[in-house]
Each structure stands twice: as C-alpha cells, then as structure tokens.
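Single-structure report; data block below.
Please treat every number below as a calculation from the coordinates, not as lab data. Since the model is a prediction, treat every value here as computed from it, not as a measurement. Glycine gets a Cβ as well: all are built from the backbone with ideal geometry, and neighbour counts include every protein chain shown.
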Amino acid sequence: MNANPGGPIVYNPPPIRKLVSYLAILAIGFGAGAGFVRLRVTPDVPMAEHETVSAVDALQPQKTHVRYLPISYDDLLGWKEDSIVEALPALLRTCETFKGLGDNVAVGINSLGGTVGSWRAPCAAIAAVAPGDGSGLRDVLEELFLPVSVLARDGGAEGTFTGYYEAELRGSLTRTKRYRVPIYGPPDDLIRVNVRKFMPDIAAPPIVGRVVDRSIVPYHTREAIDLHGAIDGEADVLVWTDDPVDAHILHIQGSGRVKLEDGAVYRVGYADNNGHHFRGIGGILLRAGEIQRGRASMPEVRAWLKANPRTAANYLNKNPRFIFFRHIKEGGPIGGFGVTLTPLRSLAVDPKYIPLGVPVWLDTADPNGRPLRRLMVAQDVGGAIKGPVRGDIFWGYGENAFSIAGRMKSAGRYSILLPRDVGVPADF
C-alpha cells in the first residue's frame with residue numbers, strides 16, 4: 001500500500017530479444033566485480049511487498065491470460081442487496097485523482113480503462129450523488145457504467161481472494177529500554193537506476209542497489225540490516241517499536257499505525273525496499289517443520305513466533321527483503337493508486353489485468369464462509385496479487401481486521417465497471 005504520485009500505472013514489458021541485449025550490456029558495463037545485479041520488473045509506482053520479478057522470470061515467454069465479457073447488472077449476484085453507498089468515498093477518491101490529469105492520459109496499462117476523458121461525465125455524476133443516497137449511486141452506475149466479467153483465458157471465472165490490513169504497533173519516537181526495534185526511512189545510499197534514461201528504446205526495469213568501488217551491487221539483506229547494523233548512519237529511524245514480530249508483520253502489510261505512549265498515533269506507509277525477493281514467513285516455517293500445513297494463517301504464524309522468541313529471529317531473517325517507510329499524515333494508509341484506502345471497499349489487484357481506480361463488483365466469501373458480495377474500487381497493488389482473477393481485500397486496522405485478513409483465502413470472481421463509451425477491453 002503506497003503512494004503513486006504519477007497517477008494510473010502505465011507499463012509495457014520489454015520484448016525478449018531487447019531484454020537479453022539489455023542484460024548483456026549490464027553484465028559488460030558493471031563488470032564481474034559487481035556480482036549479480038538484481039532486477040525489478042515493476043510498474044511505474046513502488047509496491048508494498050514482495051513484488052519483485054527476477055531477470056530469469058522476465059525472460060520467460062509471456063502467455064495470454066485474460067478474457068473480458070460484457071454482462072448485465074442482473075448477472076451480478078447481490079447487486080441490489082449491497083449497501084452500495086459505503087463505496088462512495090472510495091469512488092470519489094478515484095475521481096479526484098482523475099481530475100488532476102489530462103483527458104488523454106491512459107487509465108490502466110494499455111488503456112484498459114479508456115482515457116481520463118472517458119471518466120469526466122461519469123465522475124461528475126458520481127460527485128452529484130448526495131451522501132447516503134445508495135439508490136442514486138446505483139442508478140448512476142447502471143446508467144453510465146458497463147459491467148464486464150473478467151475471466152482467465154480458459155474461461156475460468158474463479159480466482160483467489162485474500163485480505164490485508166493496516167498493522168497496529170506500540171512505539172516511541174525515541175529509543176528506550178522497551179522500544180528498541182527501529183522502523184527505518186529510506187537509506188541515503190540506496191539507489192534506483194532508471195535504465196530507460198540511458199536506453200530509451202528499451203522498457204527495462206530499474207536496478208535497486210548501492211555503489212561499492214564504482215560498481216552497483218545488491219543492497220543489504222534483512223539479516224545484514226537487523227543483525228549487523230548495515231544501514232546505521234545511512235537511514236533515519238522514524239519510530240521505535242517494542243516487538244520484532246509486529247515490526248515484521250508491518251513490513252508485510254506495508255503500512256501501519258504506531259500508538260505512542262501519550263496516546264497519539266504515528267502512521268507509517270511504504271516508501272521503498274531493498275530490492276531482494278520476498279520470502280513469506282509462513283512458508284519458511286512450513287518448510288522448517290515448525291508449523292503444519294493448514295495451520296499457517298497469519299494469526300497462527302504470529303502466535304508461533306511470539307511463543308518462540310529465541311528462534312523467531314533466525315526465521316524472520318531468512319526473508320531477505322526489507323521495507324523502508326515514510327511518515328503518513330493522512331487519516332489512513334495510502335494504496336498504490338495514491339489515495340487513502342477505504343476498509344472493505346478498497347481492493348488490491350493485478351494492474352496488468354484490472355485498471356487501477358475502476359469500480360469492481362466482488363463475489364466471494366469471508367473466512368467464515370459467509371457470502372461477501374459488494375462494490376469495491378481497485379486502489380492498491382501487491383506483489384502476491386498476480387493473475388487475471390486475484391484480489392486482496394483491505395479490512396481496516398486493529399486486531400479484528402488482523403484476525404479476518406489473516407485467515408482470508410477464498411475462491412471468488414469479479415467484474416469491473418467501465419464507462420459505457422470505453423467499451424469492452426480486448427482479450428490478451
């Protein structure tokens with residue numbers, strides 16, 4: 001969950017031949033002394049967690065994955081029953097973002113959502129809906145938006161839906177005997193090389209690392225940072241917390257609220273990362289035989305880590321990825337679309353298939369098996385959120401949100417709502 005000052009994501013993966021040439025140039029240019037340079041294939045915004053794609057993955061042939069099928073509102077199960085007006089704040093935040101962009105700016109990768117100009121009239125109509133007027137909002141959407149079902153290429157409509165939340169920690173703005181776990185801002189020596197500035201004809205990924213003896217090398221791992229003080233003097237500590245397990249969960253979630261002893265809340269959000277691949281702590285514990293399959297939900301993983309503090313640190317550091325944060329002054333976490341997220345109305349999606357900012361009708365079930373059918377808005381991204389039918393529901397903050405989000409893993413389907421003059425996106 002993080003800010004996107006540039007607006008809607010626009011990204012085109014590089015052709016295989018060009019990327020092979022690009023990697024060869026890098027190997028020659030940086031020299032053998034630089035070691036392996038880790039590449040990150042990302043959209044033009046940072047993402048909250050475990051979003052890296054290795055150079056080897058990038059060289060694999062790209063398959064077509066998605067189909068878009070126009071449907072009617074009668075096909076949306078639960079459409080008439082949802083308290084749809086709860087999604088109005090999220091919709092207004094999308095429209096506010098579009099307001100500051102030119103009419104010809106693409107909405108989504110390859111203009112999947114049309115252009116900003118296509119959203120002017122629908123956004124004006126949404127803005128005219130009175131607060132609390134669910135019927136009015138439903139009428140506007142039905143008149144001006146076309147529901148489009150999103151299917152896997154083989155026609156499968158079902159995918160996986162998980163949950164995330166805003167972490168909650170205890171902390172202090174100064175280090176004390178109790179508060180000794182640092183939450184870092186971006187380090188001064190971390191660099192991100194925009195290769196496109198050197199080779200404009202190649203849509204190459206940026207390089208994350210640091211400079212050592214005039215060579216770019218991978219940035220410090222979590223173990224080097226946590227155990228060996230690798231970034232002491234390079235990064236400011238924003239806030240100190242009292243629990244390394246809670247701090248690790250903050251890194252996974254990408255944003256959090258730190259409750260200070262005077263009652264104030266200090267919010268932090270994703271700012272950058274060290275460029276290393278993410279390894280989930282649940283999978284690490286499973287492979288080590290510490291927890292059993294079927295008992296790896298986030299609440300169960302957290303409970304194990306806190307019950308075994310002496311061995312927890314070793315396992316936590318097997319995830320080399322490290323997140324750097326920034327102080328957030330807004331009233332909530334910021335998603336990949338650059339707006340404050342709305343609990344149970346903001347959805348993280350794969351922007352390759354779903355344009356950020358668009359309304360989404362979700363049809364899945366909560367962790368207790370109860371139907372969860374509601375209007376959401378695609379306003380965030382995440383490294384584990386990959387594929388044409390894949391979503392991550394933002395549940396809010398606090399222990400209740402943690403419990404639900406940490407257990408959420410349900411089959412489901414969704415449809416996007418696009419302005420009627422945009423039409424149906426082409427399959428790819």
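A few remarks follow.
- Overall dimensions of the chain, expressed as equivalent-ellipsoid semi-axes from the Cα gyration tensor (√(5λ), whole Å, largest first), are 35, 27, 21.
- Of Thr162, Thr174, Thr342, the one that fluctuates the most in a GNM where the chain has Cα springs shorter than 10 Å: Thr174
- When the chain is treated as a GNM with alpha-carbon contacts under 10 Å, the residue of Lys306, Lys409, Lys197 showing the greatest mean-square fluctuation is Lys197.
- Low-density loop positions, trypsin sites (Lys or Arg not before Pro), segment 365-404 - DSSP coil, at most 15 other Cβ in 10 Å: Lys386
- Taking 1.002 mPa s as the viscosity and 20 °C as the temperature, the Stokes-Einstein diffusion coefficient of segment 320-362 based on its alpha-carbon Kirkwood radius rounds to 173 µm²/s.
- Each helix, a run of at least 4 DSSP H residues, gives -39500 (n - 2.57); summed and divided by the residues of the chain, these come to -6500 deg cm²/dmol at 222 nm.
- Just so you know, the Cα atoms of segment 115-155 work out to an Rg and Dmax of 13.5, 42 Å.
- Build a GNM of the chain with springs between Cα atoms under 10 Å apart, and of Gly382, Gly331, Gly269 the one that fluctuates most is Gly331.
- A simple spin-label model places the labels of Gln292 and Arg373 3.7 nm from each other, with each point 7 Å out along Cα-to-Cβ.
- Straight-line cross-link reach from Lys409 at under 30 Å between alpha-carbon atoms covers these lysines, not counting any fewer than eight positions away in the same chain: Lys63, Lys80, Lys259, Lys306, Lys318, Lys352, Lys386.
- Longest exposed-site-free window of the chain, the sites being GluC sites (Glu not before Pro) in a DSSP loop that have at most 12 other C-beta atoms within 10 Å: 82-260
- The largest-to-smallest principal axis extents of the Cα set in segment 102-205 are 59, 47, 36 Å.
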